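Accompanying notes for the structure given below.
The values are calculated or read from the model by the stated rules, or taken from the named source; none is laboratory data. Small disclaimer: the values here were computed from a predicted structure and weren't measured. With ideal geometry, Cβ positions are generated from the backbone for all residues, glycine too; neighbour counts draw on all protein chains shown. What goes into the accessible areas is simple: the full protein's heavy atoms, side chains included, and nothing from ligands, DNA or RNA. Shrake-Rupley method; radii C 1.70, N 1.55, O 1.52, S 1.80 Å.
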Amino acid sequence: MSDQTRQWRLASRPTGEPTEENFELVTVSRPEPGPGEVLVRTLYLSVDPYMRGRMDAGESYAEPWAVGEPMEAGVVGEVVESNHDDFSPGDVATGNLLWADHAVADGDELRPVDPELGPVSTALGVLGMPGITGFFGMTDVADVTPGDTVVVSAAAGAVGSVAGQVAARAGARVVGVAGSDEKCDWLTEDLGFDGSVNYRTTDDLAAAFAEVCPEGVDVYFDNVGGPITDAVWGQLNRDARVAVCGQISLYNATEQPTGPRKLGQLIQTRATVRGFLVGDYQDRWGHALERLAGFIEAGDLRYEESVVDGLEEAPDAFLGLFAGENIGKQLVKVGERD
Ligand SMILES: NC(=O)c1ccc[n+]([C@@H]2O[C@H](COP(=O)([O-])OP(=O)(O)OC[C@H]3O[C@@H](n4cnc5c(N)ncnc54)[C@H](OP(=O)(O)O)[C@@H]3O)[C@@H](O)[C@H]2O)c1
């Protein structure tokens with residue numbers, strides 16, 4: 001094995017939409033694991049919308065990356081060397097590692113992945129952070145109940161596709177919002193959503209939601225913010241719940257939009273709006289995984305992965321999230337299992 005490895009670093013901070021110039025691929029010496037540490041060879045690397053916040057110097061819900069330093073990512077990889085009792089060479093593990101071919105992690109911060117449970121890549125998607133976000137966002141935060149009409153934005157993405165199917169399984173009527181007819185067809189024909197709105201081809205979003213949700217909206221699972229959210233809010237029912245999961249339509253904005261917003265609608269509807277972070281559910285992670293794996297086995301939860309090949313493609317894959325290039329979870333395949 002070569003004693004070198006490649007890693008992506010943050011070359012500069014973007015203004016507005018990031019470009020490939022903001023990233024730099026460098027070759028460095030392969031790190032050695034210290035006491036309690038594990039050397040991991042990357043199989044799959046996750047690119048996620050929240051990483052946009054980490055490219056900025058200001059505060060987001062994760063620490064900013066330092067310019068000139070390697071960037072972190074959710075990784076599924078194979079253990080190469082281990083100084084930790086829980087891991088041996090050849091094991092598959094997941095954790096927060098680097099955009100890199102190899103990285104060293106504290107063994108206490110890694111979780112084992114059982115390859116018998118399904119493709120190991122799912123530990124970054126439907127059976128990982130995004131799936132768990134969709135699960136708790138819909139069950140705990142939105143408190144979905146049978147008969148609810150539920151709208152999910154970015155519904156064909158990693159989080160949204162799980163959130164919508166969890167709602168359907170709970171007996172709700174589910175409408176997904178997505179940016180292409182292909183995605184909308186996937187939602188209604190393959191995932192069992194009851195309706196969809198292609199926000200890119202709809203001139204009047206409010207009219208589209210009124211038509212597809214004739215009895216109003218009881219739950220809105222918001223992944224995007226902006227005009228889609230404004231239009232859904234116009235349809236909220238009495239005692240509606242809004243789970244604010246993400247605001248991807250605003251992540252590249254250089255100025256945050258300011259009022260007048262639609263807060264008045266919360267008065268007449270007595271709606272509850274609640275933001276949440278999946279990290280708050282660490283202690284119930286295992287419970288969600290068990291439920292999601294059970295849904296998959298029962299045929300009640302389907303998933304898709306958009307996989308690009310090669311570490312060198314990682315920035316492109318990340319930028320593609322903002323153009324809606326992915327269906328389901330966007331992954332970068334970096335290596336094969338031995
Ligand atoms: N709160 C938490 O703990 C937590 C955890 C994970 C993720 N999140 C948030 O959840 C959201 C979804 O994350 P994900 O990982 O599942 O990503 P994803 O949905 O798989 O990918 C992002 C999707 O967002 C849509 N999008 C991009 N720009 C948009 C715009 N301007 N307007 C409307 N839609 C747009 C695109 O689909 P279209 O083709 O439909 O446009 C794209 O495929 C993000 O906002 C993310 O930050 C929150």
Find how much the distance from Glu21 to Glu109 grows on full extension, using 0.36 nm per residue of separation minus their present alpha carbon separation; answer in nm with one decimal.
28.5 nm
Solvent-accessible area of Trp186 with every protein chain in place, 1.4 Å probe, in Å² to the nearest 10
20
On the formula 1/(1 + (r/R0)^6), with r taken between the Cβ atoms of Glu182 and Asn252 and R0 of 35 Å, the FRET efficiency rounded to 0.05 is 0.90
Over the stretch 144-259, with neighbouring protein chains present, the accessible area per residue in Å² at probe 1.4 Å is 40
At R0 = 35 Å, FRET efficiency that the Cβ-Cβ distance of Glu325 and Asp300 yields, to 0.05
0.80
Provide the percentage of antiparallel DSSP beta bridges, counting only those with both residues in the chain; round to the nearest 5.
55
Whole-Å distance linking the alpha carbon centroid of the stretch 123-152 with that of the stretch 1-80 is 28
Could you work out how far apart the two model spin labels at Ser29 and Asp239 are, taking each label as a point 7 Å from the Cα in the direction of the beta carbon, and quote it in nm?
6.5
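If you place +1 on the Cβ of every Lys and Arg and -1 on the Cβ of every Asp and Glu, how big does the dipole about the Cα centre of the stretch 118-228 come out, in debye to the nearest 20?
So the magnitude is around 360 debye.
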Amide N proximity, the stretch 100-120 versus Ser88 label position 7 Å along Cα-to-Cβ, cut-off under 19 Å:
107-108, 110-117
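How large a share of the accessible area of the stretch 267-318, in percent, is made up of carbon and sulfur atoms when the probe is 1.4 Å and the other protein chains stay in place?
Within the stretch 267-318, the accessible surface is 44 percent carbon and sulfur.
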Taking only C-alpha positions in the chain, Rg and Dmax in angstrom work out to 20.4, 65
Which residues in the stretch 128-160 have a backbone N closer than 15 Å to a point placed 7 Å from the Cα of Ala210 along the Cα-to-Cβ line?
none
Using a 1.4 Å probe on the protein chains only, how many percent of the accessible area of the stretch 1-115 belongs to carbon and sulfur?
43
